[in-house]
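To start, the structure itself, in structure tokens.
The values are calculated or read from the model by the stated rules, or taken from the named source; none is laboratory data. The model shown is predicted, which means the values in this text are computed figures rather than measured ones. Positions of Cβ are generated from backbone atoms using ideal geometry, with glycine treated the same way; all protein chains shown enter the neighbour counts. Surface areas here come from the heavy atoms of the whole protein model, side chains and all, with no ligands, DNA or RNA. Shrake-Rupley method; radii C 1.70, N 1.55, O 1.52, S 1.80 Å.
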Amino acid sequence: MQGLELYLIDFIYHFRYVGLFILLLCGLVGVPVPDEFLMTFSGFQTSLGRMDFGKTLLVAALGSYLGMSLSYWIGRRLGIPFLHKIAPYLHLNEKKIAQAE
């Protein structure tokens, strides 16, 4: 194992529940964090007794909920005009924006 997965494992080992919350929140806002890996690793830690099942479930649900809400709020607040401003940096054209919309 190398790269991003190793960094995420170290982050969760060090910060436990707060780390899981932050990573899930960031992953749902748009930072490329593999949420499936986080949940699988957290389940593994729970099965070993290193993390409590109830706390892990609560933290994962809250992180996901707040990440989705924040992502929605950003999209609602900034909207299509912001997307048109950053489209050249993301290699988006009008056709791709219309398809996504």
Practice task
For residues that are open to solvent by 50 Å² or more (accessible area, probe 1.4 Å), over 13 Å from V18 (Cα atoms) and touching a residue at least 12 places away in the same chain (Cβ under 8 Å), tally how many sit in region 47-69.
Solution key: 2
Exercise for the section: Give just the number: which of (1) of a type outside the set (K, R); (2) in a helix (DSSP H, G or I); (3) modelled with pLDDT of 85 or more does H91 not satisfy? Expected result: (2)
Handout entry: Residue within region 12-26 that is over 12 Å from the mean Cα position of the chain (by Cα), aromatic (F, W, Y), over 25 Å from S69 (Cβ atoms) and open to solvent by 80 Å² or more (accessible area, probe 1.4 Å) present
Key = yes
